[in-house]
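Asks: Below you'll find the structure I mean.
The values are calculated or read from the model by the stated rules, or taken from the named source; none is laboratory data. Keep in mind that what you see is a predicted model, and the values were worked out from it rather than measured. With ideal geometry, Cβ positions are generated from the backbone for all residues, glycine too; neighbour counts draw on all protein chains shown.
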Amino acid sequence: MNVIDLINEDKQTAFSFEVLPPLKGTGIDKLFADIEKLMPYNPKYINITTHRSEYIYSQEANGMFCRKLTRRRPGTVAVAASIKTKFGVTVVPHILCSGYTPEETEYTLIDLQFLGITDLLVLRGDKAPHQKSFTPEAGGYNHAIDLQLQINKYNEGFFFDGKEMEKHPVPFNYGVACYPEKHEESPNAERDLYWLKKKVEAGAQYAVTQMFFDNKKFFDFVDKARNAGITIPIIPGIKPFKKLGQLNVLPRTFKIDLPEELASEVRKCKSDEDIASLGCEWTINQCRELIDNGVPSIHFYSVGAVDSISKIAKEIY
Ligand code: FAD
């Protein structure tokens, strides 16, 4: 069953989470063990992120530094397939413009179809660390919507170069990203919503939000989206706060605000254990309010937070 049907089949708020493929050179056992901890809460689907190549610098025997384009977390498609096989759960690999040519995307779609994986989260992707601003690959796309159009064309039975192919009986279904606190590059919230609406008109069935820690921002965003004529399910993305350093890292990395009430409570904590337990309490309250307001699903960002999510899910599901 695909994500939109899984969300719609049940009146209760669904549970889902996102995992990262293991770092290159490490095994998949730790990831499986993390997923195992969250399976008792019956996730409806699991997302698998995708990470583009970036330049890594390493020192050679002669003392010189060598710059190499490397994918630190390869294997999204394989990880998705192995999770699907091992846990029998719907998987949602992320598919990006960033770092991929349309031809490479097409090969990914072919691989996914062979594996019977037809749910996707379609994203532009982050810029590479060495890029000042987002730059597509040669012939690649600037925005998620361009990637949506390639996937739509594929669903209709055409390769990206326009050549016809045998139409696959099960089309790709997909969601997109959205930003309650606006995307960092957008001049204003209205313009960001304008483009979200275009992504919906191009076929996005649901949207997953960037993490937020203040529910009011989410509720205001949903109101504005509805007023703009966006009617698809909007799924809140939630991350439990975990450690002191996140007071700077989260706003800097994700361009979000942390409520002063949370930040000042974090500063009062004596240890990271205290902060993790405060983070759980905060997230439980956030989730209870979201559930009371009838959100279709809560999507957890699980990196470094599996134990917290397990505690939170136990309380709210
Ligand atoms: P877009 O929809 O292309 O939007 C980017 C910006 O351009 C916005 O400001 C938008 O308003 C504007 N815009 C959109 N369309 C147009 C247009 N046609 N013309 C002009 N302006 C336009 N990153 C990864 O690298 N890997 C991941 O696995 C990953 N997973 C994510 C999961 C979620 C739920 C979220 C919320 C984000 C994720 N990201 C991931 C980060 C994401 O790729 C970045 O935030 C990226 O900068 C924007 O992606 P997007 O799909 O929203 O882009």
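Conditions tested, residue by residue: (1) free of Cβ contacts under 8 Å to residues at least 12 places away in the same chain; (2) surrounded by 20 or more Cβ atoms within 10 Å (Cβ to Cβ); (3) not in a helix (DSSP H, G or I).
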{"residue": "Asp257", "(1), (2), (3)": "no, no, yes"}
{"residue": "Arg267", "(1), (2), (3)": "no, no, no"}
{"residue": "Asp274", "(1), (2), (3)": "yes, no, no"}
{"residue": "Cys280", "(1), (2), (3)": "no, yes, no"}
{"residue": "Asn285", "(1), (2), (3)": "yes, no, no"}
{"residue": "Glu289", "(1), (2), (3)": "no, no, no"}
{"residue": "Asp307", "(1), (2), (3)": "no, no, no"}
{"residue": "Ile312", "(1), (2), (3)": "no, yes, no"}
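Asks: Would you point out which residue out of Ala33, Ala61 is more than 17 Å from the chain's Cα centre (by Cα), farther than 27 Å from Gln113 by Cβ, of a type in the set (Gly, Ala, Ser) and part of a helix (DSSP H, G or I)?
Replies: Ala33
Asks: Oh, and also: Restricting the stretch 2-30 to residues that are more than 19 Å from Pro233 (Cβ to Cβ) and not in a loop (DSSP other than H, G, I, E, B), which is nearest to the ligand (Cβ to nearest atom)?
Replies: So in the stretch 2-30, the residues more than 19 Å from Pro233 (Cβ to Cβ) come out as 19-30.
The next check asks that each one be not in a loop (DSSP other than H, G, I, E, B); those that pass are 19, 29-30.
Numbers: Val19: 10, Asp29: 22, Lys30: 19 Å.
Per the criteria, the residue is Val19.
Asks: Here's a follow-up. Taking the stated definitions as given, is Asn188 free of Cβ contacts under 8 Å to residues at least 40 places away in the same chain and touching a His at 6+ places or on another chain (Cβ under 9 Å)?
Replies: Details: free of Cβ contacts under 8 Å to residues at least 40 places away in the same chain: yes; touching a His at 6+ places or on another chain (Cβ under 9 Å): no.
For Asn188, the condition - free of Cβ contacts under 8 Å to residues at least 40 places away in the same chain and touching a His at 6+ places or on another chain (Cβ under 9 Å) - is not met.
Asks: Sticking with this structure for a sec: For the condition of a type outside the set (Phe, Trp, Tyr), within 26 Å of Tyr55 (Cβ to Cβ) and touching a Lys or Arg at 6+ places or on another chain (Cβ under 8 Å), what is the one hit in Gly157, Gly99? Talk me through it step by step, then tell me what you get.
Replies: On the way: Gly157 fails: within 26 Å of Tyr55 (Cβ to Cβ).
Going through Gly157, Gly99 in turn, the sole match is Gly99.
Asks: Any idea which residue in the stretch 122-160 is nearest to the ligand (Cβ to nearest atom), counting only those that are under 23 Å from Phe172 (Cα atoms) and β-branched (Val, Ile, Thr)?
Replies: Ile145
Asks: Restricting attention to the stretch 124-138, which residues are under 20 Å from the mean Cα position of the chain (by Cα) and loosely packed, with under 10 Cβ neighbours inside 10 Å?
Replies: Listed by number, the list holds a single entry, Pro129.
Asks: Residues of the stretch 21-43 being on the phi > 0 side of the Ramachandran plot and in contact (Cβ under 8 Å) with a residue 24 or more places away in the chain, which ones?
Replies: The answer is Asn42, and nothing else.
Asks: Hey, another quick one. Can you go through Lys216, Lys242, Lys224 and tell me which one is touching a residue at least 40 places away in the same chain (Cβ under 8 Å), more than 13 Å from the ligand (Cβ to nearest atom), among the basic types (Lys, Arg) and closer than 30 Å to Ile284 by Cβ?
Replies: On the way: Lys216 fails: touching a residue at least 40 places away in the same chain (Cβ under 8 Å); Lys224 fails: touching a residue at least 40 places away in the same chain (Cβ under 8 Å).
Answer to the selection: Lys242.
Asks: Here's another thing I want to ask about it. When you go through Leu120, Leu149 one by one, which is the residue that is crowded, with 21+ Cβ neighbours inside 10 Å and either more than 18 Å from the chain's Cα centre (by Cα) or modelled with pLDDT of 95 or more (or both)?
Replies: Leu120
Asks: Related question: Specify which of the listed residues (Asp257, Asp214, Asp223, Asp272) is of a type outside the set (A, V, I, L, M), more than 24 Å from Val92 (Cα to Cα) and modelled with pLDDT under 95.
Replies: Working: Asp257 fails: modelled with pLDDT under 95; Asp214 fails: modelled with pLDDT under 95; Asp223 fails: modelled with pLDDT under 95.
Answer to the selection: Asp272.
Asks: Another one. Inside the stretch 208-242, can you point out the residues that are under 28 Å from Ala276 (Cα atoms) and either of a type in the set (Asp, Glu) or touching a Cys at 6+ places or on another chain (Cβ under 8 Å) (or both)?
Replies: Within the stretch 208-242, Val208, Thr209, Gln210, Asp214, Asp220, Phe221, Ile234, Ile238, Pro240 qualify.
Asks: Among all residue pairs at least 6 apart or on different chains, which show Cβ distances below 6 Å where the first residue, located in the stretch 166-183, is under 17 Å from Thr108 (Cα atoms) and within 7 Å of the ligand (Cβ to nearest atom) and the second is in a loop (DSSP other than H, G, I, E, B) and modelled with pLDDT under 95?
Replies: Qualifying pairs under 6 Å: none.
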